[in-house]
Structure formats: C-alpha cells, structure tokens
Amino acid sequence: MIKRELKGLLRNPVMMLVLAVILLIPSIYTIPFLSSMWDPYGRLSELPVAVVNEDQPVMYQEKMLSVGADLVDNLKENDSLDFHFVNAKEAEEGLQDRTYYMTITIPKDFSANASTVMDETPKRMELKYKTNPGTNYIASKLCNTAMETIRTSVSEEVSKTYTAAVFDGLDDIASGMDDAKDGADAMLDGEKELIDGNGKLTEGLGTLSAGGTDLFKGAGQLKTGIAAYTAGVKTVDSGVDELGSGVIRFKQEIGTGTNQLKKGSSELKEGVSAYTSVVTEAKSGAAKLTAQNENLNQGMKTLSAGISKMASGSQKLYDGLNLLKSQMSGGPNPVQKDTKSLKADLNDFGKSLGQLNTRIKDYKAADSPDVEKQISSAKAELSKLKNTELNDEQKDAVAAVENQLDEIKGKVSNASGGNGDSLEEIKALSTELNQDYADIKASALSETKGTESQSKDSTGINQVLADLLNGANALKEGSAELQEKVDQELLPGVQAYTGGVTNVSAGLTALSEKNKALNSGADTLNTGIGTLSQGIGQGAATMQAGIGQLSAGTGKLTANSGSLNSGSKDLESGAKQVKDGADQLGEGSKTLGSGLTALQDGTSQLKDGVADGSEEVKKSKADDDSIDMMTSPVELDGKEEHPVADNGHAMAAYMMSVALWVGALAFCLMYPLTKYRGKLSSGFNWWLSKAVVLYPLAIGMALAMLGLMHKFCGFSPIDWKNTVLLACVAAVAFMSLMYFFNALLGRVGSFIMLVFMIIQLAGSAGTYPIELSGDFVADINPFLPFSYTVAGFRSTISGCEVNLLPCYFMLILIAIVFTALSIWLFLARARKIKAGKQTFHDFIDARGFA
C-alpha cells in the first residue's frame, strides 16, 4: 500500500504542486508578517512627529532665556524620532490625516515659566503633546515613551541653567562680602569719630545745663503774657459770630428778592416773545387777506353777472316749456293711425289666406282654377299690406310670403298635369305660408301695443310738463329776488370787509416793526437781572466764606487758649526738666564713650570674618562637570540578561508556532487522508501509507521555514541546534494531532482544530506576559501545545538557560498519543470495511462532512 500511495502521488503533478505549496506555508506565514515588524524600535527615526514652537524668550538673571528655541535645536540633532518643525495648523491637519503620529507644542509661556523657579509661587513648564491612538495604538505608545525622554532632557537643560545661575550668584555674594569688608573699615573710621564726638558732647551738655536755668526764668514771664492774650482772643471771637449771623440774614433776604425778580423777568421775556410771535403771524395772515381783496371784489361782480344770466335763462326755459305743452295738446297721433291701418290689412290678408288653406286642404286636380283664383285674391290683399308703413323685417317677411304664393301657384299648375308629388309640396308650402303670416302678424301686433303704450305715456308727459312749468316760474321769480339781495346787501358788505382788512394789515405791519426792539429789550433786562442776582449771591457767599474762615480762626485761637495757657505752664516745668536732663545726659555721655570703644573692637572682628568668608566663596567655582552632577546626579546602569536582537526575533517564537499549526491544517484540508489505493491489506499499512507522506512533509515544513527566515529576515537564534530540533518535533506533534481529528471527523475535525488554534493564540502568552492577560489565560496555558513551543523557541532564540525537557516531553507525548490513536482508528476502520460494515466515516461522508 505504501508503494501504491507513493506511485499515485508521483503520478499526480497537481497534488505534488499542492504539497510543495503546503511545504512553504509556514514560511509564507512567518516571513511576510515578521518582516513587517522585524525591527520597528530600530526604525523609530522614521516615525514622523510634528513640533510647533510658540515659545517667547524672556530675560532671566540679565540673560536671554529661550528654552523653546534650545529644545528645537536639540530635537533637530536628535534622531530618536523623525521631527518636523511646522506651524500649529499644519500639525493638527497632519495628525488627522496620519501625516504625523504625534504633535509636540512648546507653549508661548514655556521660557517665562522656566524663569519663575526662584519666585514665591513658581510655575511649572508645560510641554504639550497630542497623539492619535485610533490611527495606530502602538505608535502612540512609542511616542509617549519618547516624550518622557524629551521631558527628562528638557528638565536637565533647565536645571543646568538654574545651577549656572546659582553659581553666578555666588560671585555676587563674594563681591558683596568684599563690600561688607570695606563697610567694616568705614564703620571703624566712623566709630573713632563717634568717640571723639562723644567727648565734645559731654562738654556741650555742661553748657546746656547752665542755659536750662535761664530758660526756666523766661518761661515764667511768657506765662503771664499768654494769659492776657487769650482774654482778647475770646472777645474778638464773639464779635465775629455776630457779624456772621448778620451776613446770613442779608444773604437769605437778598436771595429771595433776586429770585422773584429773575422769575418776573423770565416771564416778561416769554410774554414778549409770545406777543411778537402772534403779531408776526397776524401780520402774515392780514397780508394774505389783503392780497385776496381784489379777488373777492371781482368774484362778487362775477356772481352778480351770473345771477343775471340765470334769471334770463329761467325766462327762456319757461317760454320753451309753454311751447312744448301746447304742441303736446294738438290733434291725433299719425303713428297711431298707421298702426291701426296695418292691423286691418293683416286681418283682411288673414281671411283670404284662410280661404286659400281651405281650398288646398280639399285640393283636387280639377279644382286648380279655383285655387289659382284664391291665390290671386290673397296676393291682392298682400299688396294692400305692402303699401302700409312696415319696418325692414316686416318687409322681408311680406316678400317671402309673396314668393311662397307664386311657388304654390306653380305647383298647382304641375298638379293639374298629373304630377302627384306636387300635391304634397303644395301642402308643405301652405304650412310654411301660414307660419310666415303668423310672424308678420305677431310683429304688427307688437308695434300696435307699442303705439297704444305711447298714447298712454303722452298723458304722463303732459303732467311732467306742467310740473316743469311751475318750477321754471319759481326759478325766474327767485333769480330776481337773489339779484336784488346781492346788489343791495352782499356787495356793500364785501366792500366794507376788504377795506377793514387793508386797515388791519397796515396796523399789524407797524406793530411788527417794533418786535425786534421789544424782544431785544426783554433779553437785556433778563440778562441784567441774572447778572445782578449772580453777583449779589457770589458777594454774599464770599463774605460768608470769609467770615466763616475768620470765625474758624478765632475759634481755634479760643479753643487753643487753654492749651496755650497750659503749655506755658508746661514750658516752665519743661525748662526745669531740661536742666535736670542735661545733667543726666552728661553722665550718659560718659557711659556712651565706654560702649563705643567696645563697638570698635567688635567691628574689627566682623571685618576679619567677612574677609575670610569672601575668600571661601570665591573658591566655589562650577564647571560643566559639576553642573551636570548637580542636575543629573543619578545614572542608570542597566544590563540585559540574554538580550534579543530585535522585535522580529522576539515575535518569531509565537509566529513559528502559529505557522507550523497552519501548515499542518492546510495539509489535512488538501491531502486525501483516508483514501487508499488498490487492495486494503491492513489498517496499519493503510495508516503507514499516509504517514510516509505526512511526517516527512511536516519536518520539511519546519526546515524550510527556518532556512527561509534566516535567508530573508536574518533570523539567527543563539542555539540553532535546539531550534531546528524543537521545530521538527513541534511540526510532527501538530501534524499527529491534526491528522487524528481530520481522519476521525473529516472537515468537522479541521473546524475544531481551527477553533483550538484561536484558543491557543489567546492563551499561550505569545505577545504579553501571562500575568497581564487575565485569569482565564493563566488557567488554560498549561494545557495548550503553543505554550510549550513558544517557551521553547524563546529559550533557543535568546540563549536563556531554560530547561527544554518539559517542552520536548509534552510535544513528544502529543505526537505519540495522537499517532497511536490514528493507528487504532485505521485498524478499526479497516476491520469494518473488510467485514462489509458501514463506518463512521461513511456516515459523515454521506452528510458532506468527510
């Protein structure tokens, strides 16, 4: 069965190609993935970061402090990240569109805050940065780490600036000590002069004691003179109070009078202004009335002439109405007469037409002469009708009737010749003839009714004419009376009115000419009264203020009289005390001389101490090394046990485990694991025919993966031997496990293995330490094959001294157990097949899961 399996495989180039691809699947899985993350920490200099410097330099210790610019200079030389120096807008846009992974902003008060270290309330320097974890979480974490390094660097630089300033201050202290030494010298000189002056002071105090006796005598005489002075001051103060009361009464009374005068003047000014305004308006109105006088006189003349014309017209109207009435009362109406004649003719024609219709109704061919005779009679009657007064419509209707009579006459002649159709046509024409006659008669009757209505209306017209005659007569008499009233009463009154308007206008013009002078006088009077009132008020106020000041002065003199008297007594007593004090000062001056000598000795010691301190401070000089020591006194001395070259080697253990698992899963999906060729000899041979392909391919996948990773990624573990051995053992263990479940459950087994791989990805601590992954991961970790492959590969890659025996033991155990289970499965399945029984594989194959 093994030979047949191998021959069948070699004869199937497609399957050989599939196996070749499966052989490379672990390499295909690991190399692209690890290449993309092989050494990201070594390429941080390519991670773009935006820097925005808004800092404004400030003066500190008489030097320009520009921490922001210094930081930018340092970052330009720093290759820890790819720094880009842009403005705020470009930085924000770049962070959003992933041009930059972080923005660093140096605020405008960065240097200003740095200069506050010695202030009472120092301000921290705030270096702002912004990341976008949603774009790339790992990149944001790397940027955060870099920012901590930058913060430490800035802190050290600022500390160096502070330390240098402190040492510079020591020079100022030394200089101050030198100045203190010079001051001590000056103090010694001054103290010597004080000692000399104290001797002179002692001599002067003796003289002061003698003068104190003379002062005591003069104080007694001064006391007597002050008593007489204070009595006179009291009398003056009383007179000033009376003067002040009189001024107040004067101010009140004169103020009341001037206020009344001002009020009357203002009212007079307003009255004059209103009066002149009214005169001006009246003058303007009178002028307008005068201008209309001529028009009014002319209008009266026109009115008189119009009334005369109206009287003449009313006479003519009366005469015309009399004439119309006489005409309306004359002989018979000719129109009425013509209408009666038309009605009589229509009746005659109707009778003749009735006879014709009777003839036609009983018509026979032999009767033709009688009918033609009757038609001629009707035409004769129609001729009478034509001679009557007809309108155009009636004339047309009569003509149509005459044509119809002629046509009937012609039809009658045809009928006498034996034409039967003419008889029916005659009857139809007779019907139309009757209809036309009816139309003529209706029109005539309508006019007759109109004529009768006109006859009735003539009576009403006569009544209206009678009323119009009465009105016209009344109009004629009223016009004559109106003419008399206008000539005798209205016209003389209008002439008197226009004469009066002219006289009023002349008088108002004369008044208007005095308006300006009247207004000007009122203004002058009002202004003068205001000035008078203001002057009187100011004078009274000035007098009152002066009296107040005088009263205050005399009051103070009076108030201080007691103090003055008391002071004179105190002066007398003080003079005695001066004498006694001068004696005491003499004794104190001697004591002061002793103290000044002791002070001189102390100042000499101070001078020597300050000089020594100045020398010590001058020795305290700082160089760059000492400043570095003070700003950064601690250094880190780190050491890595079993270092890993880069991130690719760190992730390789995890990805190699996943890759070998995926390779085994791909093989089981693509290779016919349960099909056999030829005769089934035994279950073991059946299994073995698959194993000779299965396990060599697993080992080949492991070796190809390691070789290609070394070639294309530079993969170089510390312990190559154990790395290769562990990869081969892991590949066989994974293939054994995968082979059993696929042979047992078909595609369901592949699905189970896929789910189990996902569980292993979570629980094998391949990326983060197991302590950081949660309790669930810690519980399942010992039971996952990946846990042992990841731990083993990490040991061989880094060279750390970890016991590999548990890893080998667990992987070999998995290989043995699941290989034995696979052999048992094939043996059991072979027995059932040979016995002709259905197997579980047949069951799942029938349901499409094999």
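None of the figures in this text is laboratory data; all of them are computed from the coordinates on show. Since this is a predicted model, take the numbers as computed values, not measurements. Every residue, glycine as well, gets a Cβ built from its backbone with ideal geometry; the counts of neighbours run over all protein chains shown.
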*Can you find, among LEU81, GLN96, ALA50, the residue farthest towards the positive end of the dipole of the stretch 44-135? Put +1 on the C-beta of Lys and Arg, -1 on that of Asp and Glu.*
GLN96
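Take the Cα radius of gyration of the stretch 788-833 and divide it by 2.2 N^0.38 Å, with N its residue count; two decimals is plenty. Don't skip to the end; give the middle numbers.
Working: Rg = 16.6 Å, N = 46, 2.2 N^0.38 = 9.4 Å.
Working it through for the stretch 788-833, the quotient is 1.76.
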*Volume of the Cα convex hull of the stretch 44-135, divided per residue and given in Å³*: 98
*How much length is gained on full extension from THR531 to SER277, taking 0.36 nm per residue of separation minus their Cα-Cα distance?*
88.8 nm
*Evaluate the distance, in nm, between pseudo-label points positioned 7 Å from the Cα of ASN297 and of LYS832 along their respective Cα→Cβ axes.*
15.2
*How much length is gained if the chain between ILE752 and LYS379 is pulled fully straight, taking 0.36 nm per residue apart and subtracting their Cα-Cα distance, in nm to one decimal?*
121.2 nm
*Extended-chain gain in nm, criterion 0.36 nm per residue less alpha-carbon gap, GLN260 and LYS288*: 5.9 nm
*Interchain or long-range residues, amide H under 5 Å from TYR60's placed H*: LEU65
*asked:* For the pair ASP79/MET15, report the inter-label distance in nm, with labels modelled 7 Å from Cα in the Cβ direction.
replied: 5.6
*Please work out the FRET efficiency for the pair ASP845 and ARG151, using the Cβ-Cβ distance as r and a Förster radius of 56 Å; give the result to the nearest 0.05.*
0.25
*To the nearest 0.05, how large is the calculated FRET efficiency for ASP487 and LYS516 if R₀ is 45 Å and r is the Cβ-Cβ distance?*
0.45
_Inter-label distance for TRP720 and ASP601, nm, one decimal - labels placed 7 Å from Cα along Cα-to-Cβ_ = 9.4
_Counting only other residues whose beta carbon sits under 10 Å from that of THR796, what net charge do I get with K and R as +1, D and E as -1?_
+1
